Amino acid sequence: MSKYFGTDGFRGEANVNLTVEHAFKIGRFLGRYYGSDRKSRIVIGKDTRLSSYMYECALTAGITASGADAYLMHVTTTPSVSYIARTEDFDCGIMITASHNPYHDNGIKLLNSEGEKMEASVIDEIERYIDGKYGELPLATNDAIGRAVDHAAGRNRYIGYLISLATHSYKGVRIGLDCANGSTWAIAKSVFDALGAETYVIGNTPSGTNINEECGSTHIERMQKLVREKALDVGFSFDGDADRCLAVDERGSIVDGDAILYICGKHMKEHGILANNTVVTTVMSNLGLYKAFDAEGILYEKTAVGDKYVYENMRVGGHMIGGEQSGHIIFSKYACTGDGLITAIKIMQVMLDRKQPLSVLTEGLTIYPQVLKNVRVADKDAVLADPDVLAAEAAVVEALGDDGRILLRKSGTEPLVRVMVEAETKELCEAHIGSVIRVMAQKGFAG
């Protein structure tokens, strides 16, 4: 586990545990790492947080001080930075965002020249430099100093790319868009308007301090209300940097990431384009999804939680679609990261291909009640290896049989063991989780 960078970048509270000095040093290192024998090119995007502008300046200063050129896409989405990094011959890409977190947090996501998450070997070197273990880097002088270049054109080219992916006109379709007061506020409406939709947009008045605040994919109830009030055909809610999307059907019901995998995976299989007849999920995907896939004859992979692990599995196995309950959906033919806007476009394609509303497309999928509780512990590994805890887990497995499941896993970032149970009723979930947590407490693990 890295000291600063997790599975989704370097994230923390702005100027508390993620400071401008950190950003400057990251810029200094990357500018030198890719440009030790030439002038390298690094593209930067940011979300709408107040602190994103500060980090953009610090990163740009570090990059140019090391002799590289910084290309600024300004407010844009994480997937757009990934797309531009891999299609415009950049050495790497940087996205300033804390995704679905509140405004006072921020983060720095690093992408390689292929638009994929940065290699661990480079991350390790960056951390060594931040901690003063790498040595001093020379400063560029005279005409070797780098430039800061406006690259809003990259964002516009990405918008054009999204529009090109649509296979139908959206004329006559009433679509809701919740931009989370984040990265899609100036992009999503442009895309869906260009495709002919009648759009109803909320969460599109960013102030710098209202990103994800009672809006977006973490507050899907706003879109449910909008769909019902305006009698919309479908609604799409994005998170702060638009790498995830959740949908709402015409009845106002939530269509989460698991349901999206089912809808799109089934459609791809029917059209003969589901590579390896396989969908990639995480261990947190609902048991109902697996039962639905079994009924459709669709195979599936299970990875650790995190879109990073989903994509790694897809890349190694040559799979075409994968994702998480949260709405991180990856269509590897079109992107190497979760892309909320591409997800919305692919859902629209299924709806229009089949000439059916979204509620009908989820038929055949029954989502089991799922309860997750976090238990604070001193030693995560000791809990998961304890014979009595394992016996309590085995008792739940036996009691549930094929009609549920239990999953114990440790948090990668906090002193927590997560206990998740799926069963036919929420009451059963609560009862079985309680039986395991009681054993943890009796053994002195639960704090």
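The values are calculated or read from the model by the stated rules, or taken from the named source; none is laboratory data. Predicted model only: the values in this text are computed from it and were never measured. No Cβ is skipped: glycine too gets one built from the backbone with ideal geometry, and neighbour counts run over all protein chains shown.
Key figures for this structure:
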{"quantity": "Boolean, Ser82 is hydroxyl-bearing (Ser, Thr, Tyr), under 20 Å from Leu139 (Cβ atoms) and buried (at least 20 other Cβ atoms within 10 Å of the Cβ)", "calculated": "no"}
{"quantity": "Residue in the range 377-399 that is under 16 Å from Ile433 (Cα atoms), exposed (fewer than 14 other Cβ atoms within 10 Å of the Cβ) and in contact (Cβ under 8 Å) with a residue 60 or more places away in the chain present", "calculated": "no"}
{"quantity": "All positions within the range 368-381 that are over 25 Å from Ala431 (Cβ atoms) and outside any loop (DSSP other than H, G, I, E, B)", "calculated": "Asp381"}
{"quantity": "Pair list, Cβ < 8 Å and 6+ apart or interchain, from the range 314-331 residues that are crowded, with 24+ Cβ neighbours inside 10 Å to residues that are acidic (Asp, Glu) and part of a helix (DSSP H, G or I)", "calculated": "Gly323/Asp307; Glu324/Asp307; His328/Asp307; Ile330/Asp307"}
{"quantity": "Single match in Ile163, Ile211 (criterion: outside any loop (DSSP other than H, G, I, E, B) and either aliphatic (A, V, I, L, M) or surrounded by fewer than 13 Cβ atoms within 10 Å (Cβ to Cβ) (or both))", "calculated": "Ile163"}
{"quantity": "Residue in the range 333-367 that is farthest from Ile175 (Cα to Cα), counting only those that are under 14 Å from the mean Cα position of the chain (by Cα) and not in a helix (DSSP H, G or I)", "calculated": "Cys336"}
{"quantity": "Hits in the range 259-304 (condition: in contact (Cβ under 8 Å) with a residue 40 or more places away in the chain and aromatic (Phe, Trp, Tyr))", "calculated": "Tyr262"}
{"quantity": "Single residue of the range 117-134 satisfying the filter (in contact with a Cys (Cβ under 9 Å, 6 or more places away or on another chain) and not in a loop (DSSP other than H, G, I, E, B)) that is nearest to Asp339 (Cα to Cα)", "calculated": "Lys117"}
{"quantity": "Conditions (1) surrounded by 21 or more Cβ atoms within 10 Å (Cβ to Cβ); (2) modelled with pLDDT under 95; (3) not aromatic (Phe, Trp, Tyr): number failed by Val283", "calculated": "(1)"}
{"quantity": "Residue, surrounded by the fewest Cβ atoms within 10 Å (Cβ to Cβ), within the range 408-436, restricted to residues that are farther than 20 Å from Ile367 by Cβ and over 30 Å from the mean Cα position of the chain (by Cα)", "calculated": "Gly434"}
{"quantity": "All positions within the range 180-208 that are outside any loop (DSSP other than H, G, I, E, B), at pLDDT 95 or above, under 16 Å from Thr77 (Cβ atoms) and not aromatic (Phe, Trp, Tyr)", "calculated": "Ser183, Thr184, Ala188, Lys189, Ser190, Val191, Val201"}
{"quantity": "Every residue from the range 410-433 that is part of a loop (DSSP other than H, G, I, E, B) and either farther than 10 Å from Val396 by Cβ or among the charged types (D, E, K, R) (or both)", "calculated": "Ser411, Gly412, Thr413, Glu414, Pro415, Glu424, Thr425"}
{"quantity": "Considering residues of the range 434-447 that are in a helix (DSSP H, G or I) and without any contact (Cβ under 8 Å) to a residue 60 or more places away in the chain only, the residue nearest to Ala304 (Cα to Cα)", "calculated": "Val436"}
{"quantity": "Options Leu177, Leu110, Leu137: the member that is in a loop (DSSP other than H, G, I, E, B) and among the hydrophobic types (A, V, I, L, M, F, W, C)", "calculated": "Leu137"}
